[in-house]
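The values are calculated or read from the model by the stated rules, or taken from the named source; none is laboratory data. Please read all numbers here as calculations on a predicted model, not as lab measurements. Cβ: placed from backbone, ideal geometry, glycine included. Neighbour counts: every protein chain shown. For the accessible areas, the whole protein counts, side chains as well, though only heavy atoms, and no ligand, DNA or RNA atoms are used. Shrake-Rupley method; radii C 1.70, N 1.55, O 1.52, S 1.80 Å.
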Amino acid sequence: MCGIVAYIGQNEAFPVLIKGLQLLEYRGYDSTGVATLNGTLNLYKQKGKVQDLLNFTANKKTDGTVGIGHTRWATHGQPDNQNAHPHVSHSGRLSLVHNGIIENYATLKTALQNKGYHFSSQTDTEVLAHLIEDIQTEQLVPLDEAVRLALQQVRGSYAIVIMDKDDKTRLIAARKSSPLAIGICKNGEFIVASDAMPIVEYTNDIIYLDDEEIALIDLINGLKITTLDNKSVALNIQRVDLSPEMFGKGKFDTYMLKEIYEQPSVLRSMINARLDPQYRILFDELLPHMDKFLKARRIIITACGTSWHAGLVAKYLFENLARITVDVEYASEFRYRNPVLFPDDIVIAISQSGETADTLAAIELVKEQGIFTYSLVNAVGSSIARLTDAVSYLHVGPEIGVASTKAFTGQVTLLSLLAIHLGYMGGKIPTQQYTELSKELEKLPQILAKTLICNAQTQKIAYLLKNHKNALYLGRGYNFPVALEGALKLKEISYIHAEGYPAAEMKHGPIALIDENMPLVVLATNESQKEKIASNMHEIKARKGIIIAIVDEHDTQITQIADYVIVVPAIAEPFSPIVSVIPLQLLSYHTAVALRCNVDQPRNLAKSVTVE
Ligand code: G6P
C-alpha cells in the first residue's frame, strides 16, 4: 500500500519520479505528490492518479536533481490534497514520504502539539516530519541521527525517504515492515523505491533494506547503512533479473488481459524448469529440507486473498496426492489466534508480492516458535521470501493488474508440482502414476492456450452478467476454491456482489436467494463429481436460477441443464482448477469492461497490502 520513489544524481529528478510513480500505482492510487529541490522546494500534491499530478504540474517549476514522490492508498485521513504526501516539517525544511502506519502517532502528535507544532493534515505521517525536525533542532544532531532517534520512538511500520531543503546531496531512507529498495547506478545516481520496477530502467544492482535499517544516501560519500541501534551494515548488492519491457501492456489495453494471456507461456517456463527429461520433478531448493517435509505432522498454509484460494487448492492436492494433513489459514486470523503449533509442523506462506503485512506477521510468529517456514513467492527478494527458511519463486513475471490472475495459476501449478513430488518421495504415489501426472502437467501450457479460445464466449455472457446485482459461484472438490476465486474476481473489478460456495452447501442458505434474477456460475469440470453437480443444477433450475456452466469438452450431461455453457479442454482432475479459473478470469474482465470499470485499478483496492 502506497508507493514511494526517490532520486538523487546529476539528472532531472522529476521525470524519474513520475515514471516510477506510474509503475508503483498498483500499490495505491487515490492521491499523488512529488517534491524536487533546486535551491527552493518544488512541492506538488494532487488528489487522484499520477496523470492528474502530471496535468497539474504541466507549466510549473519542477527542476532539481533530487526529489521524492508518493502514490497513496489512504489509511489515516481521506484522500485529498492536504493528506497527500510528501509531508513537510514545521519549518518547511524537511519533506518526507511514507508507506506504512505509525501506530503511536496520536501520542506523538499530542506531545508535539503541546510544544507548539501545527499539523496541516490528518495523516499519521506528518508526525514523523515534525518529530525528526524537533530532534534535529533540539539536540543539534545531523539529519541521519535525528531520523534514527525519531524512529526509536515510533511503533508501527514504515518505509520512508526524507529530503532536506538545505542539502541537495543527501537523502535518508529507512524501513520497518514496509519494503524499500535502493538502486545503485554506475554513474553515481541512486533511485529508491518500494519495489524494483522503477529502478531497473537505470540499474539492476539493488540493495533491499532490512527491517530497522537506515540508509544515508550521499552523492559525495556514497551509501552508508546503519541499524536503528547504530551498528554499521555491510552493503549486500543483488543483481535483479528484471527488465523494463516486462512492465509494459504489450498489445493489450490492460495489464489484467495481458497477464491472463501470458499464462500459457509463463507456466510453460515454470514447468520446463521443474521437469527433467525423465519427467522427474525438480525442487532443488528443498533438497536440504526434504526430511522435514516427509516427516511433517501437518502443513499449515497461510495467505491472504487470491493466494489463500491457491492455498485451499493445495489442501486438496496435498491431501489427495501426498496424504499430508493440511490446514489453510487466513494470515490475519492465524497471527492473532494463538494457534497450537507442533515442532514437526511446516508453515507455508503463499504470496504474490511477498510483502503482505498479515502473511509476513504470521511467518514471524511461527518462526519465533522455531517452526520451519517455507514460502511460494513471485516478487524476488521480497520480505516474505527473505524471512522464510526456504523459498520457491513463481517466476511468472511482474503482475501489475490488481486482480491476481497469472500469479494464482502460477501458485497452483507450483503447488501441484510440489504435491506430486512429495507424494512420490513419501511413497504415496507409485512411479507410473508419478510419471503420468508429470506428463499431464507438461501438457498444461498447451491446454491453457486452447482454453483461452473461450474468450469470445465469456465476452457474450459478460453482457448478461453486467445487468445483475448479484451472482453465486458454485463448485465441488478441487473446484470449490475456484468458485471462491471466481466470485472474488467478479466483485473486485466489476463491483457486482458475488459469493462462492461449495455446491452442496447451497441448500443451507444461498438457495433462498435464487430466483429468475440470480445468475449462478457452476464449475462442472471435475468428472468424479459430475452426477452430484448435475443434481445441484436441477435444484437451481427448479427455482428458475440462470445457470452459466463451465464444462469440459467431453461433457454431454451438464450442457443439457445449463442456460449458458463455456467449454474448456479436459485435464486430469487435480489440475482442473488451473484450467477452470481461466473462463472466470475472463468473465470478470469482460463484465468489468462492459460496466466501464477501471480493470487494472479497481476502487479502494491495492495490489500490495503492506498494512494490516
Ligand atoms: C491484495 C491483492 C490480491 C492478493 C492479496 C494477497 O488483496 O489485491 O490480488 O491476492 O492482496 O496478496 P499477496 O501478494 O500476498 O499474494
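Is there a residue being open to solvent by 10 Å² or more (accessible area, probe 1.4 Å), within 16 Å of the chain's Cα centre (by Cα), over 15 Å from residue 390 (Cβ atoms) and acidic (Asp, Glu) anywhere in the range 329-348? Within the range 329-348, not a single residue is open to solvent by 10 Å² or more (accessible area, probe 1.4 Å), within 16 Å of the chain's Cα centre (by Cα), over 15 Å from residue 390 (Cβ atoms) and acidic (Asp, Glu).
Can we say residue 320 is over 18 Å from the mean Cα position of the chain (by Cα), modelled with pLDDT under 95, open to solvent by 70 Å² or more (accessible area, probe 1.4 Å) and of a type in the set (S, T, N, Q)?
Spelling it out, it is not the case that residue 320 is over 18 Å from the mean Cα position of the chain (by Cα), modelled with pLDDT under 95, open to solvent by 70 Å² or more (accessible area, probe 1.4 Å) and of a type in the set (S, T, N, Q).
Residues that are out of contact with any strand residue (DSSP E or B) (no Cβ under 7 Å at 6 or more places or on another chain) and in contact (Cβ under 8 Å) with a residue 60 or more places away in the chain were ranked within the range 367-385; the one that is farthest from the ligand (Cβ to nearest atom) is 383. Checking 280, 239 one by one, the residue that is open to solvent by 80 Å² or more (accessible area, probe 1.4 Å), of a type outside the set (S, T, N, Q) and touching a Ser or Thr at 6+ places or on another chain (Cβ under 9 Å) is 280 and no other. Pairing residues of the range 294-321 that are within 16 Å of residue 420 (Cβ to Cβ) with residues that are in a loop (DSSP other than H, G, I, E, B) and more than 12 Å from the ligand (Cβ to nearest atom), at Cβ distances under 8 Å and at least 6 apart in sequence or on separate chains, gives 294/426; 299/324; 299/325; 318/324; 319/325; 321/428; 321/429.
Of everything in the range 169-187 that is modelled with pLDDT under 95 and assigned to a loop (DSSP other than H, G, I, E, B), the residue that is farthest from residue 354 (Cα to Cα) is 187.
Residue pairs whose Cβ atoms lie under 8 Å apart, sitting 6 or more positions apart in sequence or on different chains, and linking a residue in the range 472-497 that is farther than 23 Å from residue 601 by Cα and of a type in the set (S, T, N, Q) to a partner that is within 16 Å of the ligand (Cβ to nearest atom) and not in a loop (DSSP other than H, G, I, E, B), are 479/577. The criterion of being at pLDDT 95 or above and either touching a Leu at 6+ places or on another chain (Cβ under 6 Å) or more than 28 Å from residue 495 (Cα to Cα) (or both) does not hold for residue 548. Listed here are the strands (runs of 3 or more DSSP E) enclosed by the range 510-612 that have at least 3 residues being crowded, with 23+ Cβ neighbours inside 10 Å: 519-523, 546-552. State yes or no: is residue 75 in a loop (DSSP other than H, G, I, E, B), under 28 Å from residue 114 (Cβ atoms) and hydroxyl-bearing (Ser, Thr, Tyr)? So residue 75 fits the description; yes. If you check 501, 473, which single one turns out to be open to solvent by 50 Å² or more (accessible area, probe 1.4 Å) and outside any loop (DSSP other than H, G, I, E, B)? From the options 501, 473, the qualifying one is 501. State whether the residues of the range 151-165 include one that is closer than 26 Å to residue 359 by Cα and either free of Cβ contacts under 8 Å to residues at least 40 places away in the same chain or outside the structural domain of residue 19 (by TED's automatic domain parsing) (or both). The answer is no; no qualifying residue exists. Summed over the range 362-387, residues that are open to solvent by 20 Å² or more (accessible area, probe 1.4 Å) and of a type outside the set (S, T, N, Q) total 9. Taking the range 309-366 as the range and being of a type in the set (D, E, K, R), more than 16 Å from the ligand (Cβ to nearest atom) and not in a helix (DSSP H, G or I) as the test, the residues that pass are 323, 327, 337, 344, 345. One residue stands out among those in the range 102-125 that are over 24 Å from residue 226 (Cα atoms) and among the charged types (D, E, K, R): the one that is surrounded by the fewest Cβ atoms within 10 Å (Cβ to Cβ), which is 115. Any residue at all in the range 388-398 that's at pLDDT 95 or above, more than 16 Å from the ligand (Cβ to nearest atom) and surrounded by 24 or more Cβ atoms within 10 Å (Cβ to Cβ)? No, every residue in the range 388-398 fails to be at pLDDT 95 or above, more than 16 Å from the ligand (Cβ to nearest atom) and surrounded by 24 or more Cβ atoms within 10 Å (Cβ to Cβ). (1) out of contact with any helix residue (DSSP H, G or I) (no Cβ under 6 Å at 6 or more places or on another chain); (2) within 16 Å of the ligand (Cβ to nearest atom): which one isn't true of residue 581, the others all being true? For residue 581, the exception is condition (1). Of the residues in the range 4-14, none is open to solvent by 20 Å² or more (accessible area, probe 1.4 Å), part of a strand (DSSP E or B), in contact (Cβ under 8 Å) with a residue 12 or more places away in the chain and within 25 Å of residue 174 (Cβ to Cβ).
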